[in-house]
1. When you scan region 1-28, how many residues do you find that are modelled with pLDDT under 95, among the hydrophobic types (A, V, I, L, M, F, W, C) and outside any helix (DSSP H, G or I)?
2. List every residue pair whose Cβ atoms lie under 6 Å apart, where the two residues are 6 or more positions apart in sequence or sit on different chains, the first residue falls within region 1-28 and is touching a residue at least 40 places away in the same chain (Cβ under 8 Å) and more than 13 Å from residue 57 (Cα to Cα), and the second residue, located anywhere, is crowded, with 16+ Cβ neighbours inside 10 Å and among the charged types (D, E, K, R).
3. Would you check if residue 6 is on the phi > 0 side of the Ramachandran plot, surrounded by 16 or more Cβ atoms within 10 Å (Cβ to Cβ) and among the hydroxyl-bearing types (Ser, Thr, Tyr)?
4. Being of a type in the set (A, V, I, L, M) and either farther than 22 Å from residue 82 by Cβ or in contact (Cβ under 8 Å) with a residue 60 or more places away in the chain (or both) is true for just one of 37, 54, 44. Which residue is that?
5. Among the residues of region 29-38, how many are assigned to a loop (DSSP other than H, G, I, E, B), more than 13 Å from residue 61 (Cβ to Cβ) and not polar (S, T, N, Q)?
6. Can you name every residue in region 57-70 that is in a helix (DSSP H, G or I) and in contact (Cβ under 8 Å) with a residue 12 or more places away in the chain?
7. For region 9-44: of the residues being of a type outside the set (A, V, I, L, M, F, W, C) and more than 20 Å from residue 67 (Cα to Cα), which is surrounded by the most Cβ atoms within 10 Å (Cβ to Cβ)?
8. Where residues in region 69-90 are surrounded by fewer than 10 Cβ atoms within 10 Å (Cβ to Cβ) and closer than 28 Å to residue 22 by Cα, which of them is modelled with the lowest pLDDT?
Amino acid sequence: MLSGGSAFGLDSRSGVMRYLDEKNVGFKAFGNVNVPIVPAASLIDLNVGGSPKIRPTADCGYRAAQAASTAPVTEGNVGAGAGATLGKAAGRDGP
């Protein structure tokens, strides 16, 4: 799973895990315990766009999991790609 919101965005993984658990999707531990394994990464984008207080929540992850489909993935400036930049180790205006 990929989110924005820096470390705060990792909270959205909880919503994805809740959704998968409700659907009984995950690793079956001890034979009958469902454990949804959701690897996650988050973009450091709090200084991009509007307010740095806008952060993904567990509910955002849940709603994203509900909306997931097998349709082709939209690419470009949508979702996490809306604020994604690269090469900013030297600061926002760096080379």
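1. Count: 2.
2. These pairs meet every condition: 1/13.
3. Numbers: on the phi > 0 side of the Ramachandran plot: yes; surrounded by 16 or more Cβ atoms within 10 Å (Cβ to Cβ): yes; among the hydroxyl-bearing types (Ser, Thr, Tyr): yes.
It is true that residue 6 is on the phi > 0 side of the Ramachandran plot, surrounded by 16 or more Cβ atoms within 10 Å (Cβ to Cβ) and among the hydroxyl-bearing types (Ser, Thr, Tyr).
4. On the way: 54 fails: either farther than 22 Å from residue 82 by Cβ or in contact (Cβ under 8 Å) with a residue 60 or more places away in the chain (or both); 44 fails: either farther than 22 Å from residue 82 by Cβ or in contact (Cβ under 8 Å) with a residue 60 or more places away in the chain (or both).
That would be 37, the only listed residue that is of a type in the set (A, V, I, L, M) and either farther than 22 Å from residue 82 by Cβ or in contact (Cβ under 8 Å) with a residue 60 or more places away in the chain (or both).
5. 3
6. Residues of region 57-70 in a helix (DSSP H, G or I): 58-67.
58, 59, 60, 61, 62, 63, 64, 65, 66 - these are the residues of region 57-70 that are in a helix (DSSP H, G or I) and in contact (Cβ under 8 Å) with a residue 12 or more places away in the chain.
7. Narrowing region 9-44 to residues of a type outside the set (A, V, I, L, M, F, W, C): 9, 11-15, 18-19, 21-24, 26, 28, 31-32, 34, 36, 39, 42.
Checking the rest, the ones that are also more than 20 Å from residue 67 (Cα to Cα) come to 28, 31-32, 34.
Working: 28: 10, 31: 5, 32: 6, 34: 14.
Out of the qualifying residues, it is 34.
8. Taking the candidates together, the pick is 78.
The values are calculated or read from the model by the stated rules, or taken from the named source; none is laboratory data. It should be emphasised that the depicted structure is a prediction, and the values quoted were computed from it without experimental measurement. All Cβ positions, glycine included, derive from the backbone under ideal geometry; neighbour counts span all protein chains shown.
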